[in-house]
1. So which aspartates and glutamates pass the test for Lys105, namely a Cα distance under 16 Å, with those fewer than 8 places away in the same chain ruled out?
2. Give me the angle, in degrees from 0 to 90, between the Cα long axis of helix 251-261 and the longest principal axis of the Cα atoms of the chain, rounded to the nearest 10.
3. Given the Cα atoms of the chain, and with Rh set as the inverse mean 1/r over their pairs in the Kirkwood sense, what is Rg to Rh to two decimals?
4. What percent does the relative contact order of the chain come to when contacts are Cα pairs within less than 8 Å and at least six residues apart?
5. Among 124-135, 83-94, 248-259, what's the highest-first ranking by average C-beta atoms within 10 angstrom per residue?
6. Pairs of alpha-carbon atoms within less than 8 angstrom and 6+ residues apart define the contacts here; what relative contact order does segment 3-68 have, in percent?
7. Nearest 5 percent is fine: what portion of the DSSP beta bridges confined to the chain is antiparallel?
8. Lysines within cross-link reach of Lys166: Cα-Cα under 16 Å, excluding same-chain residues under 8 positions apart?
Amino acid sequence: MGLSIQAALKFGELALKKANIKNYKNEAREILENLLKKTPEEFFLMRDKSISKTNNIAFIKKVKKRTNRLPLQYITKVGHFYSRPFYVSKGVLIPRQETEILVEKVLKTLRGEDNVSCLDMCSGSGCIGITLALENDCFKKVILSDVSKKAFLCSEKNIKIFNLKKRCTTILSKFFSNIPNIKFDIICSNPPYINEAEYPLIEKDVKDFEPKLALVSKDKGLLHFKKIAQGARAFLKPNGLLFFEVGLNQSQKVKKILLDIGYCDLLIYNDLNQIKRVVVGKWKK
Ligand SMILES: C[S@@+](CC[C@H](N)C(=O)[O-])C[C@H]1O[C@@H](n2cnc3c(N)ncnc32)[C@H](O)[C@@H]1O
């Protein structure tokens, strides 16, 4: 007979607690649940059962990775966004809760349209564009574009997982270089926006494990906003909207970038922590 699930779990909890992982109980459970490919409900019902030696060894290895600070999402290969489990692989940014506000604001602008096209530039795992398509059928064409091959493959996998092949496509593209010559109703982006000079100061766990390409932008963190806002002019329909997620203290700077380029009806929205997180502009020309 193998080890009991309870005992394995206890071992995991203790190891994670010792490594100062704050949510050690939940994380140990999530790792084991994910390894055994069980839902939380199924897992709960089998707590008195035992696990095989192979699974126990695999569990210990995964717990070890977490005690070495590898983010949980890279261990389970699942990152939650808008209450859905997205596939996420190492080399691709883990979806963040603060990005959900951008999705929410895009969804709120819809007024019963039935054929909306959207470009999610710097798409990473694809969490923004895919969530839009899942939340509203009016998104008939969603293009996810990213310069990273790993992100490209990851978002392709998520398109398959969520069965969205008919409405979502992935494109490998540096900014707009490979984007087909079509006009979109909406362009949204959560680009890299950390100032290179501040990169050494960010959370160690993020810096050590998440891709720098997804985090840092030149020109004091503003280059991607400038390039995307400039490029988007040729890809937005008249009255098309550009949505950006922005970092701490960037909203006014990004608003000015958009105004200088010629966007109008500028709006700024707070996230749940009252940080100005989303900047929206309309392209009227
Ligand atoms: C902050 S991450 C956002 C990922 C995803 N949209 C999300 O919200 O989780 C930024 C993404 O931009 C991509 N990226 C960086 N520079 C780029 C460029 N010049 N053109 C296209 N994508 C770029 C990175 O590979 C990364 O996936």
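All of the numbers you see were taken from the coordinates with simple rules; none came from a lab. Computed from a predicted structure; not experimentally measured. Virtual Cβ from ideal backbone geometry, glycine too; neighbours counted across all protein chains shown.
1. Glu113, Asp120, Glu135, Asp185, Glu245, Asp265, Asp271
2. Helix 251-261 and the main axis of the chain meet at about 40 degrees.
3. Over the Cα atoms of the chain, Rg/Rh equals 1.03.
4. It rounds to 13 percent for the chain.
5. Order by mean packing, descending: 124-135, 83-94, 248-259.
6. 51
7. 45
8. In chain and number order, the partners are Lys140, Lys141, Lys157.
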